[in-house]
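A short worksheet on the structure shown next.
Any read-out appearing in this document is the output of simple, stated calculations on the displayed coordinates, not a laboratory observation. Small disclaimer: the values here were computed from a predicted structure and weren't measured. Using ideal geometry, Cβ is built from the backbone for each residue, glycine included, and neighbour counts are taken over all protein chains shown.
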Amino acid sequence: MLHDAVVSSSQVTILNTFKTIAPGLRLGKVLTPKELWRSLFQYNSFAHKQKLLEHIKEIHPHWSFIDSHFMNWAHSVGLEVFPWTINKERKIRVMIDRGVNGVITDFPDIARRVVK
């Protein structure tokens, strides 16, 4: 069951607590637009933070920041990318074409239909 769930938060302290409570749980870091914008200009700094947070294997940025440069960088440092919140079929298709690993949506039935 732990492999079917992801705890996602913008607060590193919350993620650290979950890592202690449930070491096998997948954790994802929500990137707020401000934090992501800052990281776009400081890839090395953000990569350094990622090494400090080795238990975080996913990032969850706003969908509007997803482009080929961002995806190349994220995958090069070993991060999976799950943008939020995408509820339109067309936008889900665009994100898949850009190489995201999955999407955060309020309508999983639409996402399932797109990936089938």
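A few comments on the model shown:
- Charge tally in the Cβ shell below 13 Å around ILE110, where Lys, Arg are +1 and Asp, Glu are -1, ILE110 excluded: +4
- Summarising the label geometry, the points placed 7 Å from Cα in the beta-carbon direction at SER76 and GLU89 lie 3.6 nm from one another.
- ILE96-LEU25 FRET efficiency (beta carbon distance; Förster radius 22 Å; 0.05 resolution): 0.30
- Largest-first ellipsoid semi-axes for segment 56-116, taking √(5λ) over the Cα gyration tensor eigenvalues, angstrom: 19, 11, 10
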